[in-house]
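Here is the structure we will look at, set down as structure tokens.
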Amino acid sequence: MIMEFDLEKFILEITRVLVFRDTEDVFNKLSEIISENCGALSSSLMMFEENRKLLRLVGTSLVDKTWVRKLKIPLSKFENKDFNLLLGNELGVLKGNPNNLGIVFPVIFENKLVGALFLEVSNRKDLEEFEKVFKGFQEILGILMVFLMEQTELKYENIRLKLIESLDINVVEVEKIEDIFQRFLERVSRILEVEYTAIWTFESENLVLKAWKGFSENEIINYIVPKDNKLLDMINLEKPRLIIDKDSFEFLKRLLNLKFKSVILCPLYVDEKPFGLIMLANKIETKHYRPYKHLDEFELSMVINSSRKLSLLIENFINKKKLEELIETQKKQIQKLNAVYKIIQAMNYSYDLNNIFKILLIGLVSELGFGFDRVLLLLRDKNKQILKGKMWLGISEDRKDMEIYEKLKKHLSIYGDFADYLRQEALSLDLSGYLNSNLENIQINYIGNDIFERVVLRKALVNVQPQLIEEKRNELYQLIKILGTDSFVCIPLTGKQEVLGVIIADNKYSQKILSESDIKLLKLLSSSAGLVIETRMSLLEIQEKNREIERKSNYYERLSKFTEELLNSLDAAIIVIKTDGMIIEWNKRAEEFFGKTREQVIGTHLKTLGTEFAELYDISASVYYKANKGELDKIYESDDDTIVLNEYFLSPRYGKYFNIKFTPLRNINKNTFDGIIIMLEDVTEYRNLTRELQQQEKLAMLGEVAARVAHEIRNPLTVIGGFANRLKKKISDDKSKHYLEIISDEVKRLEEILDEILEFGKDYETVEFENFDFNKLVREILELYGDKVLEKSTKLKTEIPEKEIIVFGDRKRLKQVLINLLKNAIDATNRGKIDIKVYETDKNACFSIKNNGKPIPEELKDKIFMPFFTTKTDGTGLGLAISKKIVEDEHSGKLYLETGDDWNKFVVEIPKKGVGKDEKEKGINSG
Amino acid sequence: MKKRKVLIVDDEPNVALLIKEELEDEGYDVKICKSGKEALEVIEKEKFDLITLDIEMPEMNGIEVAGKIRAMKKDVKIILLTAYSHYRSDLSSWAADAYVVKGSDFSELKETIKNLLR
């Protein structure tokens, strides 16, 4: 009975089926669902295997599942036939009842055949109905089958990956190449489920069975593949071969007593050369939708991959082995290199020449060194041009010599350090055996001797071999006779310049052959040892030289350091120029003075630094010129070759005065001048100080003289004036009275002048300090002199703060100062303007008086404060000098003049706290 | 009224004469000594109302003389005369009663004497 196909129900059931993991079960379940849903008696599913072009039964709803995975129908059976055709007896196994009919539907997905569905039906007439039903779900079936197939493919992919992964054998851990084969076979047979595996490799042109798995030694007929065996032909295959044909196993059966069903043979190439063969035989049957009875294309492809992997492994292993060998030889070389180093080290530690020779010989004989049987030392006599025997050590027929040799050998294990061993053994080395008994007789004339000329004169190491000396045998006859062998090595002991001696080393007894690297190391030893020997030979001389050099270098170092420090610590700037004007020295002070660093100016021409330097250069040049005018001797003897410029104002730029000294830089040996030393000493401050001091001294002296004169004049003047006054009273003649009046007035004027002079010369010990209001003082003066200002039609402008400014000072003396300044201003102004200002700063009380009029010229600014300097026709010229003295000396204030285009301004600054003479001194002392 | 007696001590005879004449014009009885030493001797014997001492004198200066006079416990006014003005500040330590700067104008001296002898 044909049922209505319910797609929804079908899909639902299918999704449940997909829960089953095993592919076989999935296909069986799927078949059951299909037969139930479309009302067929039974249904079976077949999967299309594209590589084999066949359909394989993968599931059925029948109770008998025997044929699942085993039944396969080649696609050719369907060729030229209607696909829906009843297949009758051929698919009889898929029918529950032989009388029933069967239909096959192809399952297509995306225009590709993916499988087929077989339905068992009872009536031929139902065919069309079933076709309709099938069309209803064929699409979903196609998807489903592709999905399940891909899952299977995935499984294979997993196997592939697992195999490749498992073949990552770490060659470092592997000792023998057979271990790699064994591991490889184990993994391949386990993962690909193969019964027998084997590997043959070439061993000196024979193919030999090297590793196997799955059978025992008893089954092996031949390990070595006979030359006529067909297996050898397989080596030349480009691709592995799969053999399934039973008759084709003969050649294998002659090698292994096994039952072959299917065999894969894969040639193994290493480094692109035939290396051997891999064999995989018989599949172990496992539960799967595919019949695992025989090896097929899958395994074949797996073997290709694996064999490549194996090749790589083998290659790696071989490389590893090579590397290990290389490391081993390198190690030996390093050990020997170390031995060379130790020999040289031991030699270096020794001072006795004989000891040094012994160390060298022991080192060459010792196993840790070069292990020579014997070493003979010859020293060169340069005068006689011969090599003379000096020492001989090693194996000999003499018992004493052997004792020495064996003792050395035995002692080797005692010392931890080879250098220690060499030094200690050298000290106790006894050279009284046969070898050393006749050394004087060993003499080689190296001139004319081909081999020894090469060794001694060309410093070559010569490895003498019988074939080499064939023609020169006569030349070496004596030596060969002494040595008893014609193969030995001649090692020159090379110093810095020449060969000092030769070592002849041989392996007469052991017959050991020297390697290339040994010869290289010997060369190294020969030059190093030669140097040590040469050094010791001239030790005393060198030591003395060293000491001298050290002394000299110390001396020069100290001298140069001293000079440098001296130059930099000087207060003077030092510039040294060459005769061509190039600056070669510029000390720290010069950097400070001229704001140019040493780096900037060294190597530049002095003239390029500016006009003032050009001036210096010109003066320098004149010194130099003088020196080269043939007057050298004369100048040289005299002391006047140094030019000195005192208090030289170099340039307004620096505002400094310099004492400049030019000294020629002599080269005593050549009797010439190499350059000029220019020394600039900043004397600005000194100059200012001395000038000030001179000024003060002058003033002090002047004051003193003036006072003395004044005093002496005073009394006569008093008498003249006094009597003139008296006479005036007594005389009645008007004319005479007038004359006396004139005398009296002039005396009065003289007396005033005297007062001023005396005032100036007065010692300020007598000042009387008190606190007073500076503003009030100014106002008092203005009251007194206000009328006088008005007399001259001069405008007076004052600015005096209300607040009192208390000053500690000598009021009377300061009053005198202010009067003085006011008087001066009034005298200097005609119909002009006077500005008076009083103000205070943090420290000072200030008074400024400004009048318009002709400004005092710059050059007179200082002079107006000097005594007896005046621009007025009357007056003593002491007013400003006295004022300055009072303000600055007595009160530590300041009195100065400022000028403008048409005005002069005098400013007085008085410290409010009052700094008298005592405080001033204290300040100086403490400062 | 009995004339007040003034002693002038000065090593400069012309100066002394001038002062003497000026003071005599004012009605004083004036005597002159040429040195401090002489002055001290005179004072021993004779009583004066006022003494003017020139400071700058050889051997014994006016300040010393003043000190010695004070030591004699004589009741006498002393005026120091000088060509210098800078002794003024030390006046307190001196034995003198006044200090006058010499000059051709005697008005200051006359005024001072007048005040002291009032």
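The values are calculated or read from the model by the stated rules, or taken from the named source; none is laboratory data. The structure presented is a predicted model; accordingly, all values stated were derived computationally and were not measured. Glycine also receives a Cβ, built like all others from the backbone with ideal geometry; neighbour counts cover every protein chain displayed. In case anyone asks, the SASA skips ligands and DNA or RNA and just uses the protein heavy atoms, side chains included. Shrake-Rupley method; radii C 1.70, N 1.55, O 1.52, S 1.80 Å.
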Original post:
Could we say that B:Ser107 is surrounded by fewer than 13 Cβ atoms within 10 Å (Cβ to Cβ) and modelled with pLDDT of 80 or more here?
Top reply: yes
Subject >> Residue, farthest from the chain's Cα centre (by Cα), within segment A:729-755, restricted to residues that are open to solvent by less than 70 Å² (accessible area, probe 1.4 Å) and more than 11 Å from chain B (Cβ to nearest Cβ) >> reply: A:Ile731
Subject >> Residue list for segment A:426-436, filter: modelled with pLDDT of 85 or more and open to solvent by 60 Å² or more (accessible area, probe 1.4 Å) >> reply: A:Leu427, A:Ser428, A:Tyr434
Subject >> A:Leu422 being open to solvent by less than 40 Å² (accessible area, probe 1.4 Å) and within 15 Å of A:Ala346 (Cα to Cα) >> reply: yes
**OP:** Considering only residues that are assigned to a loop (DSSP other than H, G, I, E, B) and under 16 Å from A:Val817 (Cα atoms), look in segment A:877-911 and name the one that is modelled with the highest pLDDT.
**Re:** A:Gly893
Subject >> Residue among A:Gln345, A:Gln335 that alone is assigned to a helix (DSSP H, G or I), in contact (Cβ under 8 Å) with a residue 60 or more places away in the chain and either surrounded by fewer than 21 Cβ atoms within 10 Å (Cβ to Cβ) or outside the structural domain of A:Asp506 (by TED's automatic domain parsing) (or both) >> reply: A:Gln345
Original post:
Counting only residues that are modelled with pLDDT of 80 or more and more than 7 Å from chain B (Cβ to nearest Cβ), which one in segment A:702-716 is farthest from B:Glu24 (Cα to Cα)?
Top reply: A:Ile713
**OP:** Find the residue count for segment A:353-397, including only residues that are over 27 Å from A:Tyr446 (Cα atoms) and more than 45 Å from the chain's Cα centre (by Cα).
**Re:** 1
Original post:
Say we look at segment B:73-84 and pick out the residues that are modelled with pLDDT under 80 and either touching a Gly at 6+ places or on another chain (Cβ under 8 Å) or open to solvent by less than 30 Å² (accessible area, probe 1.4 Å) (or both); which of these is farthest from the other protein chains (Cβ to nearest Cβ)?
Top reply: B:Thr82
Original post:
Is one or more of the residues making up segment A:780-798 out of contact with any Lys or Arg (no Cβ under 7 Å at 6 or more places or on another chain), farther than 18 Å from A:Pro911 by Cβ and of a type in the set (Phe, Trp, Tyr)?
Top reply: yes
Original post:
Would you say A:Asn222 is within 30 Å of A:Glu516 (Cβ to Cβ) and without any contact (Cβ under 8 Å) to a residue 40 or more places away in the chain?
Top reply: no
**OP:** Just give me the residues in segment A:238-261 being within 17 Å of A:Val303 (Cα to Cα) and open to solvent by 30 Å² or more (accessible area, probe 1.4 Å), in sequence order.
**Re:** A:Glu238, A:Lys239, A:Arg241, A:Leu242, A:Ile244
Original post:
Inside segment A:563-648, counting only helices (runs of 4 or more DSSP H) that do not spill past its ends, which hold 3 or more residues that are of a type in the set (A, V, I, L, M) and modelled with pLDDT under 80?
Top reply: A:611-627
**OP:** Please determine, by comparing only the residues of segment A:206-237 that are under 60 Å from the mean Cα position of the chain (by Cα) and charged (D, E, K, R), which one is most open to solvent (accessible area, probe 1.4 Å).
**Re:** A:Lys213
Subject >> Tabulated pairs, segment A:377-404, first touching a residue at least 40 places away in the same chain (Cβ under 8 Å), second assigned to a loop (DSSP other than H, G, I, E, B), C-beta under 6 angstrom, 6+ apart or interchain >> reply: A:Gln385/A:Ile447; A:Leu387/A:Tyr446; A:Gly389/A:Ile442; A:Trp392/A:Leu435; A:Trp392/A:Asn436; A:Gly394/A:Asp373; A:Ile395/A:Asp373; A:Ile395/A:Tyr509
**OP:** Determine whether segment A:795-803 contains at least one residue that is at pLDDT below 90, touching a Gly at 6+ places or on another chain (Cβ under 6 Å) and either assigned to a helix (DSSP H, G or I) or surrounded by 17 or more Cβ atoms within 10 Å (Cβ to Cβ) (or both).
**Re:** no
**OP:** Might you check whether a residue that is touching a Ser or Thr at 6+ places or on another chain (Cβ under 8 Å), among the hydrophobic types (A, V, I, L, M, F, W, C), open to solvent by less than 30 Å² (accessible area, probe 1.4 Å) and not in a helix (DSSP H, G or I) occurs anywhere in segment A:807-822?
**Re:** no
**OP:** Exactly one condition in (1) in contact (Cβ under 8 Å) with a residue 24 or more places away in the chain; (2) assigned to a helix (DSSP H, G or I) is not met by A:Lys496; state its number.
**Re:** (2)
Original post:
Does segment A:105-118 contain at least one residue that is assigned by TED's automatic domain parsing to the domain that holds A:Ser31 and modelled with pLDDT under 80?
Top reply: no
Original post:
Of the residues that make up segment A:68-82, is at least one hydrophobic (A, V, I, L, M, F, W, C) and modelled with pLDDT under 80?
Top reply: yes
**OP:** Collect the residues in segment B:94-104 that are open to solvent by 20 Å² or more (accessible area, probe 1.4 Å), hydrophobic (A, V, I, L, M, F, W, C) and within 14 Å of chain A (Cβ to nearest Cβ), keeping them in residue-number order.
**Re:** B:Trp94, B:Val101
Original post:
Looking only at residues in segment B:10-21 that are surrounded by 17 or more Cβ atoms within 10 Å (Cβ to Cβ) and touching a helix residue (DSSP H, G or I) at 6+ places or on another chain (Cβ under 7 Å), which one is farthest from the other protein chains (Cβ to nearest Cβ)?
Top reply: B:Asp10
Original post:
Just to be sure, is A:Asn688 at pLDDT 70 or above and assigned to a strand (DSSP E or B)?
Top reply: no
**OP:** Among the residues of segment A:825-871, write down those that are more than 15 Å from A:Asp902 (Cα to Cα), open to solvent by less than 40 Å² (accessible area, probe 1.4 Å) and of a type outside the set (A, V, I, L, M).
**Re:** A:Asn844, A:Cys846, A:Phe847, A:Ser848, A:Phe865, A:Pro867
